[in-house]
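Structure record follows, encoded as structure tokens.
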Ligand SMILES: NC(=O)c1ccc[n+]([C@@H]2O[C@H](COP(=O)([O-])OP(=O)(O)OC[C@H]3O[C@@H](n4cnc5c(N)ncnc54)[C@H](OP(=O)(O)O)[C@@H]3O)[C@@H](O)[C@H]2O)c1
């Protein structure tokens, strides 16, 4: 059975690492910056803990990471005591962080220089998808490494696809977020309008969700939006981090993203309302303030 390490036991990483152990049956070693969380994970799942990313990566076949942003990812890979200090030749590093395509290409090159492989593998499906092991994983990298990593990734995923060379996974995740941004604003405006019109939102959504306006966001978020509850799911701070990466990439590739850029500013308004940790459906809150 392959040996696996997991770096970053946050909202997403903690249950993903758990599935690698409990469902995949792999021998899992974890590292978390706040060590208490790694101890808690090891007590719950029976794996080992490491004191640094370098210690976690030593002698492993697969090394996973799910940290915050580009800088966090550089820190746990090419930083001091980073995983790339010890990663074995032939090992595969799988990065589940939502980061830039640029850092994916940079770390792909750094891993290759050590004889190791790097796959950018951001995920979609949120906290619930991670906890239930049904994430969608968008990968970029070499086909041979991907084929080896795919069955391991499937421990926590329902859909795993290779989108192209290094960075293509991150670019695909950007498209995912572009599609969500405008859609959630549309849903917020629809609910806002319905309330002003004095309609029963439950009834409205029950009917229109079965028609052409239906979406995952509508099905899964309308009840809580209608109740003014925004305290779960994907945080506004994370969404703004993603939109920042997307708008920078669009400046490079020349794509026109007028609605995405506008929604990014709307999320800025939500942050000003104190909604940094609210979920992304809180676009409704700025319409109702
Ligand atoms: N939450 C979601 O619904 C969701 C959905 C899809 C994608 N994502 C993406 O998945 C990634 C992780 O999200 P999350 O919700 O799991 O975040 P989170 O709960 O804030 O966890 C972040 C993890 O990264 C670690 N970390 C951050 N900076 C680090 C550094 N410089 N060195 C070492 N460890 C560091 C944290 O360690 P500590 O415990 O010490 O802080 C923690 O384990 C993000 O890129 C996010 O955009 C999240």
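The values are calculated or read from the model by the stated rules, or taken from the named source; none is laboratory data. Just so you know, these numbers come straight off a predicted model, no measurement behind them. A quick note on method: Cβ atoms are made from the backbone with ideal geometry, for glycine too, and the neighbour counts reach across all protein chains shown.
Listing for the model above:
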{"read-out": "Residue list for the stretch 109-126, filter: assigned to a helix (DSSP H, G or I), surrounded by fewer than 22 Cβ atoms within 10 Å (Cβ to Cβ) and either away from the ligand (no atom under 14 Å from the Cβ) or modelled with pLDDT of 95 or more (or both)", "value": "109, 110, 112, 113"}
{"read-out": "From the options 56, 5, 42, residue that is within 15 Å of the ligand (Cβ to nearest atom), touching a helix residue (DSSP H, G or I) at 6+ places or on another chain (Cβ under 9 Å), touching a residue at least 12 places away in the same chain (Cβ under 8 Å) and more than 24 Å from residue 124 (Cβ to Cβ)", "value": "56"}
{"read-out": "Any helices (runs of 4 or more DSSP H) falling wholly within the stretch 127-243 and containing at least 3 residues that are in contact with a helix residue (DSSP H, G or I) (Cβ under 7 Å, 6 or more places away or on another chain) and away from the ligand (no atom under 13 Å from the Cβ)", "value": "168-196, 201-208, 216-226"}
{"read-out": "Residue ID - farthest from residue 132 (Cα to Cα), chosen from residues in the stretch 9-25 that are near the ligand (Cβ under 7 Å from one of its atoms) and touching a helix residue (DSSP H, G or I) at 6+ places or on another chain (Cβ under 7 Å)", "value": "9"}
{"read-out": "The stretch 272-284, subset in contact with a helix residue (DSSP H, G or I) (Cβ under 6 Å, 6 or more places away or on another chain) and assigned to a helix (DSSP H, G or I), residue surrounded by the most Cβ atoms within 10 Å (Cβ to Cβ)", "value": "282"}
{"read-out": "Residue 148 being in contact (Cβ under 8 Å) with a residue 40 or more places away in the chain, in the same structural domain as residue 14 (by TED's automatic domain parsing) and more than 21 Å from the chain's Cα centre (by Cα)", "value": "yes"}
